[in-house]
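Nothing in this text is a laboratory measurement; each read-out follows from the coordinates by a stated rule. Nothing here was measured: the structure is a model prediction, and the numbers come from that model. Cβ atoms come from the backbone with ideal geometry, glycine included; neighbour counts cover every protein chain shown.
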Amino acid sequence: MKVFLHVCCGPCTIYPLRVLREKGEEVTGYFYNPNIHPFMEFKRRLATLQDYAKLSGLPLIQDTGYGLTEFVRKIAFHEADRCNICYFLRLEKTAALAKEMGFDAFSTTLLYSKYQRHSRLIAACEKLSTQYKIPFYYHDFRKGWQDGIDISKELEMYRQPYCGCIYSEQERYDKSLRKK
């Protein structure tokens, strides 16, 4: 099966790619992440992913345009639902492109992170699967969370300290927003 895998960054690609290849799937990565802020963080995550794609032999399609304006316009005044909007924004483009390019299914490395809202990701992907008439390849990649971290450290990869958006950056560094 040819799987079009939305990839958010290099470290989060390690374990899902390994699992999919072990299952015999032919994987192509797709980098589309207009949520990442600031610009230098976007560039650093993309460069790390490009290096890992070369190292692992992962074919990679890249949307290298910095889409912050589009992202902020969609999120503004809807901050409480920002993760759902962000998932849909990125995964809709993934599903549409997977269908257009003749892939058998699509998936995402966002399913690897224990910090993402897993059930909401699944719901968005299932909706897009129906809308674009392309199967959503589901696998709970969170089981390999520590494996991916360990390998990324061995490879001395850049590992980002927050999800990517301006809001998650603030939550990461603004002590007044930390959970008690």
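Using Cβ counts within 10 Å as a stand-in for footprinting exposure, how do LEU60, LEU5 rank, fewest first?
Lowest count first: LEU60, LEU5.
Per the Cauchy relation, a quarter of the hull surface: what is the mean projected area of the convex hull of the alpha carbons in the stretch 2-177, in nm²? Walk me through the numbers on the way to the answer.
Numbers: hull surface 39.6 nm².
Mean shadow area of the hull around the Cα atoms is 9.9 nm².
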_Förster radius 30 Å - calculated FRET efficiency between LYS127 and ILE151 (Cβ-Cβ, nearest 0.05)_ = 0.40
*What nm distance separates the two modelled labels at TYR158 and ASP51, each placed 7 Å from Cα along Cα→Cβ?*
0.8
_Selection of chymotrypsin sites (Phe, Trp or Tyr not before Pro), the stretch 36-135, meeting DSSP coil and at most 10 other Cβ within 10 Å_ = PHE77
*Answer with one residue from TYR138, ALA95, ALA76: the one whose Cα lies farthest towards the positive end of the charge dipole of the chain, charges on Cβ with Lys, Arg +1 and Asp, Glu -1.*
ALA76
*Could you give the distance between the Cα centres of the stretch 87-121 and the stretch 1-43, to the whole Å?*
10
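If you stretched the chain out fully between LYS2 and ASP104, how much longer would it get, using 0.36 nm times the residue separation minus the C-alpha to C-alpha distance? Please report the intermediate quantities before stating the final value.
Values: separation 102, 0.36 × 102 = 36.72 nm, distance 0.52 nm.
That pair, LYS2 and ASP104, stretches by 36.2 nm at full extension.
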*Obtain the nm distance between the two label points defined at ASN84 and GLU26 by a simple spin-label model: each point lies 7 Å from its Cα along the Cα-to-C-beta direction.*
3.7
*Report relative contact order for the stretch 25-180 in percent, whole number only (criteria: Cα-Cα under 8 Å, sequence separation at least 6).*
24
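Can you give the calculated 222 nm mean residue ellipticity of the chain, where each DSSP H run of n ≥ 4 adds -39,500 (n - 2.57) and the sum is split over every residue, rounded to the nearest 500 deg cm²/dmol? Each step should come with its number before you reach the end.
Working: 7 runs with 90 residues, N = 180.
Per the formula, -16000 deg cm²/dmol.
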